[in-house]
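K.L.:
Can you read through this structure? Questions will come right after.
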């Protein structure tokens, strides 16, 4: 979807609908942040946990993990 298409779709919505979308986005962002904070407090126990933790932080450690496994 291009920026123009997005703007035209949003322009056709009412103020109440836009407010509802904004609220949903805000709640989603808060949930993601809470999950990241929760995962920061849990120490990784295996490489699978480390990969899940990196994924929640938005990091890509898959190539690094493959290199580590290859050399160990």
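The values are calculated or read from the model by the stated rules, or taken from the named source; none is laboratory data. A quick note: this is a predicted structure, and the numbers were derived from the prediction, not measured. Here the Cβ positions follow ideal geometry from the backbone for every residue, glycine too, while neighbour counts run over all protein chains shown.
K.L.:
Quick one: residue 32 ticks every box in (1) at pLDDT below 75; (2) surrounded by 10 or more Cβ atoms within 10 Å (Cβ to Cβ) bar one, so which box is it?
P.N.:
So residue 32 meets the others, but not (1).
K.L.:
A follow-up question, please. All but one of (1) in a helix (DSSP H, G or I); (2) surrounded by 10 or more Cβ atoms within 10 Å (Cβ to Cβ); (3) at pLDDT below 95 hold for residue 4; state the number of the condition that does not hold.
P.N.:
Among (1) in a helix (DSSP H, G or I); (2) surrounded by 10 or more Cβ atoms within 10 Å (Cβ to Cβ); (3) at pLDDT below 95, residue 4 violates only (2).
K.L.:
Does the range 16-24 contain at least one residue that is loosely packed, with under 10 Cβ neighbours inside 10 Å and either free of Cβ contacts under 8 Å to residues at least 12 places away in the same chain or in a helix (DSSP H, G or I) (or both)?
P.N.:
yes
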